[in-house]
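Reviewing the structure listed below.
Rule-based calculations on the coordinates, nothing more; no lab input. Here the structure is a predicted model, which means the values were calculated and not measured. Note: ideal-geometry Cβ built from the backbone for every residue, glycine included; neighbour counts use all protein chains shown.
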Amino acid sequence: MAAILAPVAWRDGHLEIIDQTRLPGELVFIRLETKEEVWQAIKELKVRGAPAIGIAAAFGLYLAVKDFPAQDKEELCTQLKKAAEYLASSRPTAVNLFWALKRVQEKVSGAEGLTVRELKELVLQEALSIQQEDESMCREIGRYGAELLKEVDAILTHCNAGTLATARYGTALAPVYYLAERGKIMHVFVDETRPLLQGARLTAWELKQAGIPVTLITDSMAAVVMSKGWVQAVVVGADRIAANGDVANKIGTYSLAILAREHDLPFYVAAPSSTFDLSLATGEEIPIEERDPQEVTHFGLRPVAPEGISVFNPAFDVTPHRYITAIITEKGILRPPYRESIRQMFFK
Ligand code: MRU
């Protein structure tokens, strides 16, 4: 299997990302040197996917403070807080963003006896740890997911929950890569994922790069593919999981879950612990991002709808936990009842 590129990398004082808006046409790496550039890259989906935006934001915090002339820890913490609030305003749904920003700030505020210079270095080290841990978590998700999928020949996935959305390996695609490395090649059906086509542009691209057989379909073809028996499971990622197991993920995920139930297919969600938000009792409380109507009224720059038409463009939906067969995490496989299994995972 071909090596998979990392979408976010720290290089000599700047952040380097793959500009995902240019894929699959061009593989372009861009430099981000300020928190404003990181904010813009997250907002415009140059870097996207729940874990990857958390990682990028953590490095954004370092970029925000590295040259700031703070006199003491208090001043540095104030600056970090301001920068975190700013970076948090880029996108509302994926909790990994807020989780990573909080984690870096807590690391600094909890550190004793360090100079401002050392504290700044701590910010960088924490961002690097978040990135490394995400890679390990995805690896473990791959290992656990492989147990569930080892007898499966083909899956259906939605959006991009692959390497491009994480430090490496992805969440939904991690079991595919894990099994492929061990000689078991699965076939992956990929929804194009209207309106921004993360499935067609990104998942199809990264699987093809890795030598995994892919069949691209439009979102509306999923029922036919299931009814023909061409897939034996649906595997998706998550942007935020509430305490009861309700899952926010890319718009269209909920419809797939209903279709999977109708066709007696297991519906798996793969996500690291950083995607759980135990402060929310149910998925109804998850803030859902609404995006520019132009993403729906246009194909690229070309208009495909009457000018001025009313549009509803939520970027995510919430799949009720009752449709979810299992949640694959780095700590193991969670089964219903999720309120209990999630609590056990975090507090046992
Ligand atoms: O709008 P995007 O492209 O950031 O949405 C991404 C998704 O919905 C992914 O499925 C999710 O973040 C999981 S990524 C491992």
Shape call, the range 8-135: gyration tensor on alpha carbons, a/c limit 1.5 = prolate
Residue span Glu121 to Ser310: 0.36 nm per residue of separation minus Cα-Cα distance leaves a gain in nm of 63.2 nm
Take each complete run of DSSP H in the chain, measure how far its Cα atoms stretch along the helix's own axis, and keep only those covering 18 Å or more with mean Kyte-Doolittle hydropathy at least 1.6; list them.
-> 50-65
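How large is the helix-only mean residue ellipticity at 222 nm for the chain, computed as the sum of -39500 (n - 2.57) over DSSP H runs with n ≥ 4, divided by its residue count, in deg cm²/dmol to the nearest 500?
Result for the chain, helices only: -12000 deg cm²/dmol.
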The pairs in Lys184/Lys331; Lys46/Lys208; Lys82/Lys331; Lys184/Lys250; Lys43/Lys150; Lys102/Lys150 lying past 25 Å Cα-Cα in this model are Lys82/Lys331; Lys184/Lys250; Lys43/Lys150; Lys102/Lys150
Heads up, the range 148-347 by the C-alpha gyration tensor (a ≥ b ≥ c square roots of eigenvalues; a/c under 1.5 rounded, else a/b over b/c prolate, else oblate) looks oblate
Paramagnetic reach from Arg11 (point 7 Å along Cα→Cβ, amide N under 18 Å) across the range 144-185 = 164, 167-168
Looking at the chain, send over the antiparallel percent of its DSSP beta bridges, to the nearest 5.
-> 55 percent
Quick one: if you stick a label point 7 Å off each Cα along the C-beta vector at Ala111 and Ala223, how many nm between them?
-> 5.5 nm
With springs connecting C-alpha atoms under 10 Å apart, model the chain as a Gaussian network and identify which of Ala200, Ala52, Ala223 has the largest mean-square fluctuation.
-> Ala223
